[in-house]
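Participant: Below is one structure. I have some questions about it.
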Amino acid sequence: MYGIAVMKSLASALAVMTVVAMVGLHPHAQGGSAFRTPWGDPDIQGLFTTDDELGVPFERPEQFAGRDVVSDKEFADRQTQAARQAETDAEEFVAPRTGRGGDGTGPPAHWLERGKPSRRTSIVIDPPDGRIPYLNEEARKRAASAVNMRTSGQRPYDGPQALDYYDRCITRGLPHVIFPTIYNNTSQIVQGPGYVAIRYEMIHDARVIPLDGRPQLSSAIRHYFGDSRGHWDGDTLVVEVTNFPTNMVNYRGAGGQLQLTERFRRVDANTVRYEVTVRDPTTFSRPWTAMLSLRSSSQPDVFEYACHEGNYAMRNILSGARAAEKTQK
């Protein structure tokens with residue numbers, strides 16, 4: 001069933017890409033303010049990055065309680081720290097014997113994406129305190145466990161399933177995939193009549209969102225990215241996502257009852273505002289919302305993501321576990 005669903009999604013994505021190639025990718029202004037596609041929908045297309053949100057804490061630290069933004073002095077401190085980091089990234093590591101660079105302990109600077117200092121104090125914008133409203137301590141621990149299970153700790157590692165989907169180069173998951181990490185923070189939005197497609201640089205994930213009012217899939221059919229259905233509310237694309245898998249922890253400790261409401265709205269020629277409201281009554285005491293600014297990227301395209309490190313790591317972890325079992329006998 002999953003194979004058929006994937007093939008249908010790929011076919012739909014190809015159809016969308018074909019339509020977009022025919023009608024063009026660039027916004028069309030009508031009346032000097034509203035961006036519209038040739039067929040009249042709000043135009044949110046583009047190649048975007050969330051690099052500028054990299055330094056923003058997901059939840060608001062206690063030191064910023066009651067504040068959405070930092071003070072001028074705190075922002076100046078962030079700018080100073082960013083400048084120092086840029087200098088560190090630019091350092092050339094020289095090998096003692098050869099006198100040549102390239103033998104440093106860190107990755108090359110061009111691997112890293114630092115973004116710009118931000119005045120924001122948290123990615124979470126609701127509740128007003130900028131904190132995730134976990135239902136109870138058990139839910140909070142479940143969320144922490146979901147973060148810590150990524151190839152860490154002493155587990156049996158009986159098979160590939162002992163590693164999470166991110167480590168196995170399958171998916172980073174939704175909405176994880178759009179939030180910035182150390183690199184690969186690019187996404188592309190394309191539109192065709194009745195569809196919006198989004199592809200993400202991280203783990204080369206892609207999704208197709210129908211806008212034709214079709215019903216959600218049966219609850220028996222569940223995907224890594226759930227089942228998305230979109231509609232326009234004025235100039236805002238609203239996407240409802242359900243049908244997440246029940247056999248995996250999906251997001252911040254949530255499970256199969258996870259529901260997302262995403263909102264995409266172009267705020268200027270170079271920016272799309274993205275919000276996601278998260279619901280799961282078994283994990284959170286109330287819905288909560290996070291926000292990002294998707295800014296136009298200078299990249300020419302979404303670069304290929306080749307996850308070889310994860311492939312080699314999985315083989316090494318499993319073979320290491322088998323070797324350890326032999327020593328314990």
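Participant: For the range 193-206, what does the Karplus curve 6.51 cos²θ - 1.76 cosθ + 1.60, with θ = phi - 60°, yield as ³J(HN,Hα) per residue in whole Hz, taken in order and with x for Gly and Pro?
Facilitator: These are the phi-based 3J(HN,Hα) values: x, x, 9, 10, 10, 10, 10, 10, 5, 5, 6, 6, 6, 8 Hz.
Participant: To continue, here is another question. Counting other beta carbons within 10 Å of each Cβ, put C169, C307 in order, fewest first. Mind dumping the intermediate values first?
Facilitator: Values: C169 19, C307 16.
Starting with the residue having the fewest Cβ neighbours, the order is C307, C169.
Participant: How much net charge surrounds P287 when only the other residues with a Cβ under 12 Å from the Cβ of P287 are counted, with Lys and Arg +1 and Asp and Glu -1? Spell out each step's value before the answer.
Facilitator: On the way: positive: R279, R286; negative: D126, E275, D280.
With Lys, Arg at +1 and Asp, Glu at -1, the neighbours total -1.
Participant: Name the aspartates and glutamates eligible as straight-distance cross-link partners of K116: C-alpha to C-alpha under 17 Å, and not fewer than 8 places from it in the same chain.
Facilitator: D51, D52, E53, D72, E74, D77, E87, D89
Participant: Separate question: Can you tell me the equivalent ellipsoid semi-axes for the range 175-252? Use √(5λ) from the Cα gyration tensor, largest first, whole Å. Mind dumping the intermediate values first?
Facilitator: Numbers: eigenvalues 86, 72, 21 Å².
Working through the eigenvalues yields semi-axes of 21, 19, 10 Å.
Participant: Checking the cross-link filter: which aspartates and glutamates have an alpha carbon closer than 17 Å to that of K73, excluding same-chain neighbours under 8 positions apart?
Facilitator: none
Participant: Check G255: other-chain or 5+ apart residues with amide H under 5 Å from its amide H, H built from backbone geometry?
Facilitator: Correct list: N250.
Participant: OK, next. Where Lys and Arg each count +1 and Asp and Glu each count -1, what net charge lies around F264 among other residues with Cβ under 12 Å from its Cβ? List each step's numbers first, then the result.
Facilitator: Numbers: positive: R263, R265, R266, R273; negative: D41, D43, D233, D235, E262, E275.
So the environment of F264 carries a net charge of -2.
Participant: At a Cα cut-off below 19 Å, give the aspartates and glutamates reachable from K329, other chains included and same-chain residues fewer than 8 away excluded.
Facilitator: Within reach: D158.
Participant: While we're looking at this one, here's another question. Between G192 and residues 5 or more places away or on another chain, which pairs have amide H atoms under 5 Å apart, with H built 1.01 Å from N, and which residues are they?
Facilitator: Answer set, sorted by chain and number: A197.
Participant: For L217 and R140 in the same chain, what is the full-extension length gain: residue separation times 0.36 nm, less their Cα-Cα distance, in nm? Spell out each step's value before the answer.
Facilitator: On the way: separation 77, 0.36 × 77 = 27.72 nm, distance 3.01 nm.
Difference between extended and current length: 24.7 nm.
Coordinate-derived values only; no laboratory data. Predicted model only: the values in this text are computed from it and were never measured. Here Cβ is always computed from backbone atoms with ideal geometry, including for glycine, and neighbour counts include all displayed protein chains.
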